[in-house]
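Undergrad: Here it is, the structure in full.
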């Protein structure tokens, strides 16, 4: 599930535990404190912000607002597996565009836009491959998209990025009248169980998305935890954790590559093995060892980066697979 191996930050955990005595009260449906904190932190007007049940939930609300009469939504394939379902739930039709070298093929995605296209979905870093798009290519892509077609960029794994050429699109969203950016507190911030995310969007789209998600606002503990996570002291702790995870990611990638396994360079909190027809055998081998990985049959396997001990165990199990199961499959 790409969960962080780290528990919530100590200050956030204390706040959530202390809020148990208020569980009989409804949360603020306007999430006023969280919106104000995000607006100040991001330098974005509150009118351009929407909060909701994680980035996936907000993606649903945005597409429902953008494509109320149907139409098509262009997205990469292979990407976040929920996108086709989210698009169908909104009454729209998905238009998948194959990846090129494990990355979004932005040229082909722009070519796929037609008069029926309401939205284009981009995942950066991409789930499950961990690949990223860089500043210049994203700008060229955005320049090609007609202004009436909305581009949603899902940055759920943004905090794990170490590549300096990957742009912070929140910083440029205000200059693009058709750009929406999704973020979440579920991954790096360790608040997956509380389901809090936010979107930065043009004011009209943000207002429409709020109406679609009017009864799906974050819980009281979720709002309080998100506000506390944005405190400068908490964010400094978070940056330290993300840097540590990036080191674990690099080490895990190097060790898997040393075994002869095909590892794609990742900027997320997971690594992607392009195992092809061996994907299901590798997944079954890991499951027998008590390790769960995400299989995409016939394509590859996504492995979430864990703590040092979990990563060592994964490498041991992968080494066993190379010697036994993979040889059997190849023969």
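What follows draws every value from the coordinates through simple rules; no lab data is involved. Here the structure is a predicted model, which is why all the values come from computation and not from measurement. So basically every Cβ, Gly included, is an ideal-geometry build from the backbone, and we count neighbours across all protein chains shown.
Undergrad: Just to verify a number: FRET efficiency for residue 284 and residue 140, C-beta to C-beta distance, R0 = 56 Å, to 0.05? Write down the numbers at each step before the final one.
TA: Details: r = 42 Å, r/R0 = 0.75.
Efficiency, rounded to the nearest 0.05: 0.85.
Undergrad: Could I ask something else about it? Give the separation of the Cα centroids, the stretch 18-71 to the stretch 252-267, in Å.
TA: So the two Cα centres are separated by 37 Å.
Undergrad: Take the alpha carbon gyration tensor of the stretch 242-331, find the square roots of its eigenvalues, order them as a ≥ b ≥ c, and report rounded if a/c is under 1.5; if not, report prolate when a/b exceeds b/c, else oblate.
TA: prolate
Undergrad: So what is log10(I(q)/I(0)) for the stretch 10-230 at q = 0.09, 0.10, 0.14, 0.16 1/Å, when the Debye sum runs over its Cα atoms only?
TA: Calculated log10 I(q)/I(0) at the listed q: -0.34, -0.42, -0.82, -1.07.
Undergrad: Considering the zone a paramagnetic label at residue 324 would reach in this model (a point 7 Å from Cα along the Cα-to-Cβ line), which residues of the stretch 281-299 have amide N under 19 Å from it?
TA: Within reach of a label on residue 324: 281-293.
Undergrad: So what are the three principal axis dimensions of the stretch 1-121 from its Cα atoms, in whole Å, longest to shortest?
TA: For the stretch 1-121, the Cα spread along each principal axis is 52, 34, 29 Å.
Undergrad: Which order do 184, 131, 274 fall in if you start with the one that has the fewest other Cβ atoms within 10 Å?
TA: 274, 131, 184
Undergrad: Then there's this: So for each of 58-65, 43-50 I average, over its residues, the number of other beta carbons within 10 Å; can you give me the resulting order with the highest mean first?
TA: Working: 58-65: 25.2, 43-50: 17.8.
Taking the mean over residues of other Cβ atoms within 10 Å, the ranking is 58-65, 43-50.
Undergrad: Report the residues of the stretch 134-172 in range of a label on residue 111: point 7 Å along Cα→C-beta, backbone N strictly under 18 Å from it.
TA: Flagged as within label range: 137-138, 140-146.
Undergrad: Could you tell me what percent of the DSSP beta bridges with both partners in the stretch 110-239 are antiparallel, to the nearest 5?
TA: Here the share of antiparallel DSSP bridges comes out near 30 percent.
Undergrad: Determine the shape class of the stretch 166-218: with a ≥ b ≥ c the square roots of the Cα gyration tensor eigenvalues, call it rounded for a/c under 1.5, and otherwise prolate if a/b is greater than b/c, oblate otherwise. The partial results should precede the final answer.
TA: Values: a/c = 4.39, a/b = 1.19, b/c = 3.70.
Here the stretch 166-218 falls in the oblate category.
Undergrad: Between residue 47 and residue 21, what length comes free when the chain is fully extended (0.36 nm per residue of separation minus the Cα-Cα distance, one decimal in nm)?
TA: Additional length available on full extension: 6.2 nm.
Undergrad: With label points built 7 Å along Cα→Cβ from the Cα atoms of residue 316 and residue 254, find their separation and express it in nm.
TA: 2.1
Undergrad: Using the count of nearby Cβ atoms within 10 Å as a rough guide to exposure, how do 29, 296 rank from fewest to most? Display every interim value, and only then the final one.
TA: On the way: 29 11, 296 18.
Ranking 29, 296 by Cβ neighbours within 10 Å, fewest first, gives 29, 296.
Undergrad: Right, something else. Taking every DSSP beta bridge with both residues inside the stretch 49-198, roughly what % is antiparallel (nearest 5)?
TA: Taking every DSSP beta bridge within the stretch 49-198, about 20 percent pair in antiparallel fashion.
Undergrad: Taking other Cβ within 10 Å of each residue's Cβ, how do 25, 312, 118 sort, fewest first?
TA: 25, 312, 118
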